[in-house]
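Worksheet: the structure to be examined is printed underneath.
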Amino acid sequence: MHYLLFYEACENYVERRKPWRAEHLELLEQAEARGELLLAGAYADPVDGAAFLFQGDSPAAAEAFAQQDPYVRNGLVKRWYIRTWGTVIGKGAATPVSSKSFR
């Protein structure tokens, strides 16, 4: 299953994240190396949040990441939440579906 972790960032997020950027990126790299994280990045124009695509049997990896993230711990993230994403099309879809099955 796939899980989307969403961040809503504070004002001046880009400037304020600098002291914790290396630790944040390291946590992301570790999650990717464990096979939990597929994609991650901040929104552009404006940089007012971020999204992270996790995979697994539960949202536990996404929850653990958010709770450990220095951006969350230091108040740069005003709000975070996780949504289950039922992927059906594309390489790696959790529940592949074809139009042929509906004909």
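Here, each number is a calculation from the coordinates, and none is a lab measurement. All figures in this text were calculated on a predicted structure; none of them were measured in a lab. Positions of Cβ are backbone-derived with ideal geometry, glycine not excepted, and every protein chain shown enters the neighbour counts.
So here's what we get for this one:
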{"item": "Overall Cα dimensions of the chain, principal axis frame, Å, largest first", "result": "54, 29, 18"}
{"item": "Full-stretch length increase - Arg73, Leu38 - with 0.36 nm per residue and alpha-carbon distance subtracted", "result": "10.3 nm"}
{"item": "For the range 28-33, Karplus couplings with θ = phi - 60° (6.51, -1.76, 1.60), whole Hz, Gly/Pro x", "result": "4, 4, 5, 5, 5, 4"}
{"item": "Those lysines that a straight Cα-Cα span of less than 19 Å connects to Lys91, excepting residues fewer than 8 apart in one chain", "result": "Lys100"}
{"item": "In order through the range 9-26: 3J(HN,Hα) via Karplus (6.51 cos²θ - 1.76 cosθ + 1.60), integer Hz, x for Gly, Pro", "result": "8, 6, 5, 6, 3, 4, 6, 6, 7, 3, x, 10, 4, 4, 5, 4, 5, 5"}
{"item": "All lysines inside 26 Å of Lys78 as judged from Cα atoms, apart from same-chain residues fewer than 8 positions distant", "result": "Lys18"}
{"item": "The chain: calculated mean residue ellipticity at 222 nm from DSSP helix runs of at least 4, using -39500 (n - 2.57)", "result": "-7500 deg cm²/dmol"}
{"item": "Gaussian network model of the chain, Cα within-10 Å springs - most flexible of Asp57, Asp69, Asp45", "result": "Asp45"}
{"item": "For Tyr7, net neighbour charge (Lys/Arg +1, Asp/Glu -1) across residues whose Cβ lies under 10 Å away", "result": "-1"}
{"item": "Value of relative contact order over the chain, rounded to a whole percent, pairs C-alpha under 8 Å and six or more apart", "result": "41 percent"}
{"item": "Ranked Phe54, Phe65, Phe102, Phe6, criterion: other C-beta atoms within 10 Å, fewest first", "result": "Phe102, Phe6, Phe65, Phe54"}
{"item": "Dipole moment magnitude, nearest 20 debye, the chain about Cα centre, only Lys, Arg, Asp, Glu C-beta charged", "result": "380 debye"}
{"item": "Cβ-derived FRET efficiency at R0 22 Å, Met1 paired with Lys91, nearest 0.05", "result": "0.90"}
{"item": "The range 1-61, Cα convex hull volume normalised per residue, Å³", "result": "80 Å³"}
{"item": "Zone of Ser98's modelled label, taken as backbone nitrogen in the range 1-32 under 20 Å from a point 7 Å along Cα→Cβ", "result": "none"}
